[in-house]
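Take a look at the structure set out below.
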Amino acid sequence: MDKQTLPLYFELFTEIGIIQQLSRALLETRLPQGFLQSHFSVLNHLIRVQDGRTPLEIARAFQVPKTTMTHTLSGLEKHGLIEMRPNPKDGRSKCVWLTDQGREFRQASIEKLGLAMTDLAEHFDLDKIAQILPTLKELRIYLDENRDK
């Protein structure tokens with residue numbers, strides 16, 4: 001990659017990183033006391049990819065150590081948002097299942113973000129968002145598929 005192209009790609013990831021930090025803060029101010037983006041993200045992930053995943057699978061998806069994910073899952077379980085059940089495939093490990101309360105928590109959190117999204121919509125019209133979303137998804141898919149290279 002040449003010296004003129006590299007800064008543009010670096011700037012792209014800098015902007016994505018800043019957006020991630022700002023969006024995390026926006027979300028966490030709307031979550032109940034004691035909950036973090038990591039808690040919400042696990043619930044959201046399990047709805048997006050379907051629950052019944054092992055803690056190790058979830059840790060790999062988030063690219064965090066299993067001990068970190070175990071801590072996050074313990075907090076969710078303590079609040080009744082997930083439950084751990086024996087893995088039907090081997091019986092030794094556990095699988096993570098969302099509870100009805102976990103699904104409701106996620107939905108309520110999304111609804112609390114509604115006011116912030118209304119404000120965002122006043123500054124970025126739907127057409128603009130619809131135009132950039134496919135590129136962001138394509139970038140995410142590429143990075144996800146090539147993360148171990």
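Kindly provide the set of residues from segment 105-131 that are free of Cβ contacts under 8 Å to residues at least 12 places away in the same chain, in a helix (DSSP H, G or I) and under 23 Å from Phe40 (Cβ atoms), ordered by number. Scanning segment 105-131 gives Gln107, Ala108, Ile110, Glu111, Gly114, Leu115, Met117, Thr118, Asp119, Leu120, Ala121, Ile129. Of all residues in segment 78-99, those satisfying the criterion of being at pLDDT 95 or above, part of a loop (DSSP other than H, G, I, E, B) and not small (Gly, Ala, Ser) are His79, Leu81, Thr99.
Of all the listed residues (Arg106, Arg53, Arg92, Arg48), the sole one being closer than 26 Å to Arg140 by Cβ, out of contact with any helix residue (DSSP H, G or I) (no Cβ under 8 Å at 6 or more places or on another chain) and basic (Lys, Arg) is Arg48. When every residue of segment 124-139 is checked against the conditions, none turns out to be touching a Lys or Arg at 6+ places or on another chain (Cβ under 8 Å), more than 19 Å from Phe35 (Cβ to Cβ) and either among the hydrophobic types (A, V, I, L, M, F, W, C) or modelled with pLDDT under 95 (or both).
Among the residues of segment 132-142, those identified as surrounded by 10 or more Cβ atoms within 10 Å (Cβ to Cβ) and not aromatic (Phe, Trp, Tyr) are Ile132, Leu133, Leu136, Lys137, Glu138, Leu139, Arg140, Ile141.
Just so you know, in segment 38-55 the residues that are modelled with pLDDT under 95 and either in contact with a Pro (Cβ under 8 Å, 6 or more places away or on another chain) or in a helix (DSSP H, G or I) (or both) include one that is surrounded by the most Cβ atoms within 10 Å (Cβ to Cβ), and it is Val49.
Just one of the listed residues (Gly102, Gly75) is surrounded by 15 or more Cβ atoms within 10 Å (Cβ to Cβ), over 15 Å from the mean Cα position of the chain (by Cα) and in a helix (DSSP H, G or I), and it is Gly75.
Figure legend. Inter-residue proximity from segment 88-104: first residues under 19 Å from Glu77 (Cβ atoms), second residues β-branched (Val, Ile, Thr), beta-carbon distance below 6 Å, spacing 6+ or different chains. Indicated pairs: Ser93/Thr54; Cys95/Thr54; Val96/Ile82; Leu98/Ile82; Gly102/Ile82. Among the residues of segment 1-18, is there at least one that is more than 18 Å from the chain's Cα centre (by Cα), among the hydrophobic types (A, V, I, L, M, F, W, C), more than 19 Å from Leu136 (Cα to Cα) and assigned to a loop (DSSP other than H, G, I, E, B)? Checked against the condition, which is being more than 18 Å from the chain's Cα centre (by Cα), among the hydrophobic types (A, V, I, L, M, F, W, C), more than 19 Å from Leu136 (Cα to Cα) and assigned to a loop (DSSP other than H, G, I, E, B), segment 1-18 yields at least one hit.
The values are calculated or read from the model by the stated rules, or taken from the named source; none is laboratory data. Nothing here was measured: the structure is a model prediction, and the numbers come from that model. Backbone-built Cβ (ideal geometry, glycine too); neighbour counts: all protein chains shown.
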